[in-house]
Each structure stands twice: as C-alpha cells, then as structure tokens.
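Have a look at the structure below before the remarks.
Taken together, the values in this text are just the output of simple stated rules run on the coordinates, not laboratory data. Remember, predicted model here, so these are calculated numbers, not experimental data. Cβ placement follows ideal geometry from the backbone for every residue including glycine, while neighbour counts extend to all protein chains displayed.
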Amino acid sequence: MHLTYDNYVELGFDIIPEENFDRFSVMASLYVDRITMNRLYSEKPSYNNLLGIAEIADFFYREYQADLLLQEQLASNNGRLISGFKNDTYSESYAVDTRSESDKIADRNAKLREYHKYFQLSQLYRGFR
C-alpha cells in the first residue's frame, strides 16, 4: 500500500472515513501498480504520485457510494429506479442512465486515465498516457 491515512489527510483529502480508508487505498494502489508495472515499489512515491493515489482512492470511494445509493433505491422500489414523481402542483424528473454496459466501462476508464497525469511517463506502462 503506497498511501497511509495520515498521508491522505496531510495532502488535504477528507472524503474517505478512516474506517474505510484501507480498502480504497489498497484498490488505488493496485490500480497504480497495474498502470506503472510496479515501478513505484522500486522508488519512493513522489508528492505528485501520492496526490494521484489519493485522487484515485477518492474516485473508487465515490463510485462505491453511488453504487450503494443505487442498490438502496432498487431495494426500496421493488427493483425499479424512480425516474420522476409529481403531485398536484409540482413534478420532478430524473435522467435514467440508458447507456450500454460497454459505454459505462469506457467512460469509467476515461475518467481513471485523467489521474495518469500524476505519474511521470517513465513510471507509466507503455501504451498509457
């Protein structure tokens, strides 16, 4: 694991509660190990590297929270998503994500690639930018 909770807080991050931190820090470290081909183990992570790992951990935590919310909504509505409601004078509608699963994965991967800027090209595996 590249990032401790103390490092996380010192860097100015506070989204992940301490009791959940290890799980998401490990997920972020595994992702970084994959994109760097474990090159961070041969050197001490720089300040920018630690920022990137913290950002990635936050990304995974926000994704986890969104999944929990979705599961909660599905459970409370017999497996259906609420797309809107109305009463006598007020109505509200929500956009329902109708993209294919492959489009959702491509979008997620594109978001994760934004965090590659925290790593030097010499640290990244050939083919990632």
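Cα-based Rg of the chain per 2.2 N^0.38 Å, rounded to two decimals?
With N residues counted in the chain, Rg over 2.2 N^0.38 Å equals 1.33.
Among Asn20, Asn87, Asn48, whose mean-square fluctuation peaks in a Gaussian network model of the chain (Cα, cutoff 10 Å)?
Of the options given, Asn87 has the highest mean-square fluctuation.
With each run of n ≥ 4 DSSP H residues scored as -39500 (n - 2.57), what mean residue ellipticity at 222 nm is computed for the chain after dividing by its residue count and rounding to the nearest 500 deg cm²/dmol?
So the helix-based figure for the chain works out to -17500 deg cm²/dmol.
To the nearest 10 degrees, how steeply does helix 101-113 sit against the main Cα axis of the chain, on a 0 to 90 scale?
40
Starting from 0.36 nm per residue, how many nanometres of slack lie between Lys111 and Thr4 once their C-alpha separation is accounted for?
36.2 nm is the gain from fully extending Lys111 to Thr4.
Could I have the simple spin-label model distance between Gln73 and Tyr90, label points 7 Å from Cα toward Cβ, reported in nm to one decimal?
Those two pseudo-labels are separated by 1.8 nm.
Using a simple charge model, +1 on the beta-carbon of Lys and Arg, -1 on the beta-carbon of Asp and Glu, nothing else, what dipole does segment 5-118 show about its Cα centre, in debye to the nearest 20?
With only Lys, Arg, Asp and Glu charged at Cβ, the dipole is about 500 debye.
Which residue, Phe24, Phe59, Phe85, tops the fluctuation ranking in a GNM of the chain built on C-alpha contacts under 10 Å?
Phe85
Quick one: compute the contact order of the chain, relative version, from alpha carbon pairs under 8 angstrom and 6+ residues apart, as a percent.
Relative contact order of the chain: 28 percent.
Please check: in the Gaussian network model of the chain (C-alpha springs, under 10 Å), which one of Tyr118, Tyr41, Tyr31 has the largest mean-square fluctuation.
The residue with the greatest mean-square fluctuation here is Tyr41.
Roughly speaking, what % of Cα-Cα pairs in segment 1-70 are separated by over 18 Å, rounded to a whole number?
When all Cα pairs of segment 1-70 are counted, 33 percent exceed 18 Å.
If one takes the longest principal axis of the Cα atoms in the chain, at what angle in degrees, from 0 to 90 and to the nearest 10, does the Cα axis of helix 47-76 lie?
Around 20 degrees separate the two axes.
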